[in-house]
Amino acid sequence: MRRLAVAICLSAGVLAVGWPADALARIKLITLPVRERVEIQLDNPHATLVEEERIVPLVEGVNQVDFSWANTQIDPQTIVFRVLGPAAEKKADDKQPDDKQQADEKEGAEAGPLDVKVLSVSYPPNEAALVWQVSSSGSGAARVRISYLLGNLNKSFNYRAVAARDESTLTLSQYIRLQNLANEAFGSTGLWAGFGPRFSKPIGINQTKEMLIAKYEKVPVKKTYTANPQAFGYLDQPQNKLRIPMHYVLKNDRQNKMGEAALEAGKVRIFQEDGRGSTAFLGEDWGRFTPRDDEMRLYLGVAQDIVVKRTIDKNVVRRVAGNLHHREVVLKYEIENFKDQPAKLDVVENLHYVRGEVQGDTGRDVEWELGKETTFAGGPDKEQSAYDQAVFHVDLPARTADGKAKKFVYKLHVILKNEW
Amino acid sequence: MRTVSMAMIGSALACCFWLALQAGPAQAENIDLSTVPDRQSVQLTIYNSEDLTLVRETRKVSFKPGVNPLQFSWAGTLIDPSSVELRFLSHADKLDVLDTTFPHDKPQMLYWNVQSEIEGEAAIEITYFTSGITWSANYQAIANREETQLALEGFVRVSNNSGEEYEDAQVRLVVGTINLVEKIAQLAQIPMSQVKSLEKADFDGLRLRGAMMLMDAPKAGAAGVSAPAEAKQIIKEGLSEYFIYTIDGTETIPNGWSKQLRSFEGHAVSFKIQYRCRPNEYGDQLVRMYLLANDEASKLGTTPLPDGVFRVFRDNGRDGLSFLIAQQIKYVPIDDKIEINLGVDPEVLFELVKLRSSRDNLWVQIHGTNTFKQVGGDRQEVDERSTVAGWDDRVVFAQRVRNYTAKPIEVEIRRSFGGHAVFRSALAAKNHDYQTVEYAAKVAPGAKAELKYELLTHQGRNAKQANVTIEGAEIK
């Protein structure tokens, strides 16, 4: 169903430059130029731009071109009317013109036989319409492009991630989903998201169309287990057992077979190959906007087979002067891996959180250093640690053949300095 | 008495060919005869900042010696009755307005009794204020694919919701905010602070005179009908502190309609792209800016740019446009800058990371005294009965910029710091103001920049000033 219409009133001889005299006329003859080409530009995160080309027959003199719409959310302030040139200059097809072709067209438009100008735009009251007054140096057809922002033509992104059986790689498919609630049907329409391929598809009213925009095959993936009481809390606080979430971590860079563009935010459905030619659904998560070179972390749930007990082993104040003191805190972690596979555990401590536990919040930045009782091998990960956060990695072997999990004990000794 | 107002012609002038109202025997109560002189010309001067339009219309009226009654009515319009004035453009020395009557039973009407010494035609001018006619500016800019030049068009849109259709009107648009209060104060010979306390009738009368003082009569060369196939020119003239846009020829804008005309066009307007972080202006983020100037070098500069919405598109290199932003701009004088904020560029990553934080130069105050002692090494005991009274916070930051665009980018960053602060860095920083530091960087395509600085803030008794100073230092 067409809701947008362009009408050309063949009244050129009658019109003066002032007000369109036939606005009040009861007898009109109009032509209805059809769309020759439609492009929907989805590259702006907040707005959808529709561009349509029509071949408009013009007579010599001043022509009235009516553009009206009903039940659609066209923003009339954004409507741009451009004359591309004589109709014969360009065939309506879906091919992308190269630079030379564009330049030729421009030149053709300038040197073409028709000199077409927009004289004014008028907006009638209480109508979703506008009227262009267009002057033409002669009679003939001109190719025009009308661009406007259209509401309720929404896009979103979603992903399908299929992890290999051994969880070392993952195939990530990115889809764009276009939902047309704009109350306007578009025939074969060019669609472009600002990256990836350009599609040419029809989109009917109330239709939703999903298109594969990128597929990243066998991307290396890290499966992480994280102990971070500040971010994820406790699974069982009376027993000091931390909640240990699991994540797939993908790095959006060239080394990891990605990095072509930022990954837009969207829902990720996560599957794993089951080794029998099919896949098992592991869950879903919201993938955040991931710029190039950044990591996308996909939450997989809470690990039940890795147990971490965290206790504060030591809390001693060393007075410096008056109420000024240093505070020594030792955190102890007892870690067991009940899985049949080895695992890598990230232990993350936020020092503001630690100070809050033993002293309360002072509102000041935390100044700290590692103490000698720390037993994590290799020290903190410099890339992932921050001024108020220490990150350590622990390799956990699989449980032994007799089914027993070995208990590992680590200590983190921090000195909180210059507190009062 | 028949009302001469018509549906589409809200304001009308009728010459009533009965004798003067005071002449008892000839006064008709219910049967009238009147003629309706047409408008010869009409000029609209639209003061957008006040929802105020000064209408100046001329008509030709035949007078006979003696008293001639004129009826002026404006049913269904937004004319301010107190502002209606009559002036004689010809035979002014032989025509006088004896009185003006506002009949109690017809609210949108008045009568003038004109004493004439002539028999024949005279040109009269009627001026009044109406509201409901507004104009606005808007701009459309299309950047080329390389983002080096803009095709810039400026438009003015006139909307008529006044209830009256002004046919073939010369339209003048006042650019800038008119300060009628000052004119009113001048005319009333009172201080500006007392303008608000004027009676409404006095205020309106003075406002009309004030506005008229600002505007000259229509310039002879400004009117006239242009060739039908040419886009209309908008003539821009400076007047006092204001700019007047006069639309070429005449316009008819029916009641309820709006009409948009191009006010200027700039081809190949050059501009520059800069990335800016100015939290006070754009929030705490790095935004992409198009910077251009309303000057001749940029192929503009013929007129100030009135307030309006600036819409920016870009040739997307795929035979189409990308919509970038719609932004309200403030009035831009000739030679001034035009700055368009396109928002955050997802291809440029901007992160401020706190690398480390420490405290030193600690001072304690001995309780009950005015004695302060500096704290030395960790093992030094100063006094048990003392409290920290002053210290310096040292925080090292890294401002990281990653450029994933295909071009080098220019980044300008402003950071404001409260209290007594020292900005220590090897960056070429300068003070933007007493508490704001500005520094810049260029980042090559695909490159990452890490701009490090240490912020030293004197706290407690150590703080002696409330400003930020810059100190050159290598920060690791």
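Select from region B:236-263 the residues that are in a strand (DSSP E or B) and either without any contact (Cβ under 8 Å) to a residue 24 or more places away in the chain or within 14 Å of chain A (Cβ to nearest Cβ) (or both) and list them in ascending order.
Of region B:236-263, the ones in a strand (DSSP E or B) are B:236-239, B:242-247, B:251-253, B:258-263.
Scanning region B:236-263 gives B:Glu237, B:Gly238, B:Ile247, B:Glu251, B:Thr252, B:Ile253, B:Ser258, B:Lys259, B:Gln260, B:Leu261, B:Arg262, B:Ser263.
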Checklist entry - When you go through A:Ala343, A:Ala377, A:Ala390 one by one, which is the residue that is out of contact with any helix residue (DSSP H, G or I) (no Cβ under 6 Å at 6 or more places or on another chain), within 14 Å of chain B (Cβ to nearest Cβ) and either more than 26 Å from B:Gln399 (Cα to Cα) or among the small types (Gly, Ala, Ser) (or both)? => result A:Ala390
Checklist entry - Restricting attention to region A:310-324, which residues are assigned to a strand (DSSP E or B) and surrounded by fewer than 18 Cβ atoms within 10 Å (Cβ to Cβ)? => result A:Thr311, A:Ile312, A:Asp313, A:Lys314, A:Asn315, A:Val316, A:Val317, A:Arg318, A:Arg319
Checklist entry - What's the number of the condition B:Thr303 fails, among (1) surrounded by 19 or more Cβ atoms within 10 Å (Cβ to Cβ); (2) at the interface with chain A (Cβ under 7 Å from one of its Cβ atoms); (3) in a loop (DSSP other than H, G, I, E, B)? => result (2)
Item to check | Evaluation of A:Gly266 against (1) away from chain B (no Cβ under 13 Å); (2) free of Cβ contacts under 8 Å to residues at least 60 places away in the same chain (one fails), failing number | outcome: (2)
Checklist outcome for this item: Those residues of region B:135-162 which are under 30 Å from B:Ile79 (Cα atoms), surrounded by fewer than 19 Cβ atoms within 10 Å (Cβ to Cβ) and out of contact with any Lys or Arg (no Cβ under 7 Å at 6 or more places or on another chain) amount to B:Asn161
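To keep it simple, each residue is scored yes or no on (1) of a type in the set (Gly, Ala, Ser); (2) at pLDDT below 85; (3) over 28 Å from B:Val332 (Cα atoms).
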residue	(1), (2), (3)
B:Thr148	no, no, no
B:Met215	no, yes, no
B:Val225	no, yes, yes
B:Thr250	no, no, no
Checklist outcome for this item: Residue hits (region A:111-156; in contact with a helix residue (DSSP H, G or I) (Cβ under 7 Å, 6 or more places away or on another chain), at pLDDT 90 or above and not aromatic (Phe, Trp, Tyr)) are A:Leu130, A:Ala141, A:Ala142, A:Arg143, A:Leu149
Checklist entry - Residue check, B:Lys330 against (1) under 19 Å from B:Lys272 (Cα atoms); (2) surrounded by fewer than 18 Cβ atoms within 10 Å (Cβ to Cβ); (3) not small (Gly, Ala, Ser), all met but one. Which one? => result (1)
Item to check | Pair list, Cβ < 7 Å and 6+ apart or interchain, from region A:280-304 residues that are more than 15 Å from A:Lys257 (Cα to Cα) to residues that are among the hydroxyl-bearing types (Ser, Thr, Tyr) | outcome: A:Asp285/A:Tyr299; A:Gly287/A:Tyr159; A:Leu298/A:Tyr248; A:Leu300/A:Tyr248; A:Ala303/A:Tyr225
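Condition check ((1) facing chain B (nearest Cβ under 10 Å); (2) at pLDDT 90 or above; (3) surrounded by fewer than 18 Cβ atoms within 10 Å (Cβ to Cβ)) across all residues:
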{"residue": "A:His46", "(1), (2), (3)": "yes, yes, yes"}
{"residue": "A:Glu51", "(1), (2), (3)": "yes, yes, no"}
{"residue": "A:Gln96", "(1), (2), (3)": "yes, no, yes"}
{"residue": "A:Asp99", "(1), (2), (3)": "yes, no, yes"}
Item to check | strands (runs of 3 or more DSSP E) (entirely within region B:318-422) containing at least 3 residues that are among the β-branched types (Val, Ile, Thr) | outcome: B:348-366, B:386-403, B:409-416
Checklist entry - Does A:Val347 count as modelled with pLDDT of 95 or more, within 24 Å of A:Gln237 (Cα to Cα) and either assigned to a strand (DSSP E or B) or touching a Gly at 6+ places or on another chain (Cβ under 7 Å) (or both)? => result yes
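The values are calculated or read from the model by the stated rules, or taken from the named source; none is laboratory data. As the structure is a computational prediction, the values presented were derived from the model and not from experiment. Backbone-built Cβ (ideal geometry, glycine too); neighbour counts: all protein chains shown.
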